[in-house]
1. Which residue is nearest to residue 103 (Cα to Cα), if the candidates are limited to the stretch 174-223 and must be among the small types (Gly, Ala, Ser), assigned to a loop (DSSP other than H, G, I, E, B) and touching a helix residue (DSSP H, G or I) at 6+ places or on another chain (Cβ under 6 Å)?
2. When you scan the stretch 31-107 for strands (runs of 3 or more DSSP E) that lie fully inside it, which ones turn up with 2 or more residues that are closer than 18 Å to residue 195 by Cα?
3. Out of the residues in the stretch 111-145 meeting the condition of being among the β-branched types (Val, Ile, Thr) and in a strand (DSSP E or B), tell me which one is surrounded by the most Cβ atoms within 10 Å (Cβ to Cβ).
4. What residue, of 273, 242, 260, is out of contact with any Ser or Thr (no Cβ under 7 Å at 6 or more places or on another chain) and more than 22 Å from residue 165 (Cα to Cα)?
5. From the list 99, 85, 165, exactly one residue is at positive phi and out of contact with any Cys (no Cβ under 6 Å at 6 or more places or on another chain). Which is it?
6. Quick one: would you say residue 171 is touching a strand residue (DSSP E or B) at 6+ places or on another chain (Cβ under 9 Å), aromatic (Phe, Trp, Tyr) and not in a strand (DSSP E or B)?
7. Return the residues of the stretch 130-146 that are touching a Leu at 6+ places or on another chain (Cβ under 7 Å) and aliphatic (A, V, I, L, M); say none if nothing qualifies.
Amino acid sequence: MTNSQHKRQPIKADGAAPAVSVILLTYNRADLLDAAIESILSQTMADFELIIADNASADRTSQVCQKWAAIDSRIHYYRRPTNVGRTQNMNLGILASVGEYVAILHDDDVYDLDLLTEWKGLLDKYPDAAFVFNAYRALDAQGETRTVHRAPLPLCSPGSAFLEGILFKRWRFDSPVRGTVMMRRRAIDQVGRFNERFESWSDVDMWMRLAEDFDVCYTDKPLITVRDAEVAPHQFADSIGHVQPLLERMFWDARMRHYHARPIRRFNEAIRHWSFVAAARAWHFACAVNRKLRSMRRSESICL
């Protein structure tokens, strides 16, 4: 199928759009893709389209996707002619979608069969929420559960509580939202697309922008299983010297935006931000030193 940057028309026989557009981001993970697609197509909620956004994979991804597209008419496969980066690939997938809800999924995860039902149910129940995410089950290299990552959140939180109580307290500038969520289309239309300025971390910026205007939903059920990095290696390994300034800038912009009408609090938050910057940079430096020492010890033991 050819790549398109234009919005498609509704695909159901009665002319109505599917309730959910699932956008599966993929790049060079043909060996894991079958499991991800199968867990999506087996969902207990069937009213969705599956848009596979292939970021110019060089492996067998195209053959895998075309095989599944021939089996299930809900699948629409788009392969980018060149690698456009994760953020633009995601934005183009959203542009090609038609559902009221937009779910972003990753090619290396496996999904509980009730995932879409649970997510849509919460967004239906809480119409002021922009997106929903969940607890994540993390596997070790042997496929056993290593841990379950949870967030201290109720089913629905005001966006300000999500920002002030969760994200703005994270001194390492990370997020409990891994990037796999279901969003409300009107919320995306209101705040705009994912910002390519923040590259592969643009999703965190999006959650913060959405939380400015909407509530946030969360379920403590581990509906998504995340594979170990040995099984599904990270596909972007930018140096911390490149990544850290992006994250710092992203969180700075979010703090200043959120507290713009409260000058005293804004000043206090600026101080907090820069204390976090110092702590995060010191932590990364200590980790780098520790890795170097471990490498030296391994080299010495080999020599002995």
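The values are calculated or read from the model by the stated rules, or taken from the named source; none is laboratory data. Bear in mind that the values here come from a model prediction, so they are computed numbers and not experimental data. All Cβ positions, glycine included, derive from the backbone under ideal geometry; neighbour counts span all protein chains shown.
1. For the stretch 174-223, the residue satisfying everything is 179.
2. Per the criteria, 101-106.
3. Among them, the one singled out is 132.
4. None of the others qualify; the one that does is 242.
5. Selected residue: 85, the only one of 99, 85, 165 that is at positive phi and out of contact with any Cys (no Cβ under 6 Å at 6 or more places or on another chain).
6. No, not satisfied.
7. Result: 130, 132.
Quick grid of which residues meet (1) surrounded by fewer than 21 Cβ atoms within 10 Å (Cβ to Cβ); (2) at pLDDT 95 or above; (3) of a type in the set (Val, Ile, Thr):
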| position | (1), (2), (3) |
| --- | --- |
| 206 | no, yes, no |
| 212 | yes, yes, no |
| 224 | no, yes, yes |
| 228 | yes, no, no |
| 231 | yes, no, yes |
| 237 | yes, no, no |
| 245 | yes, no, no |
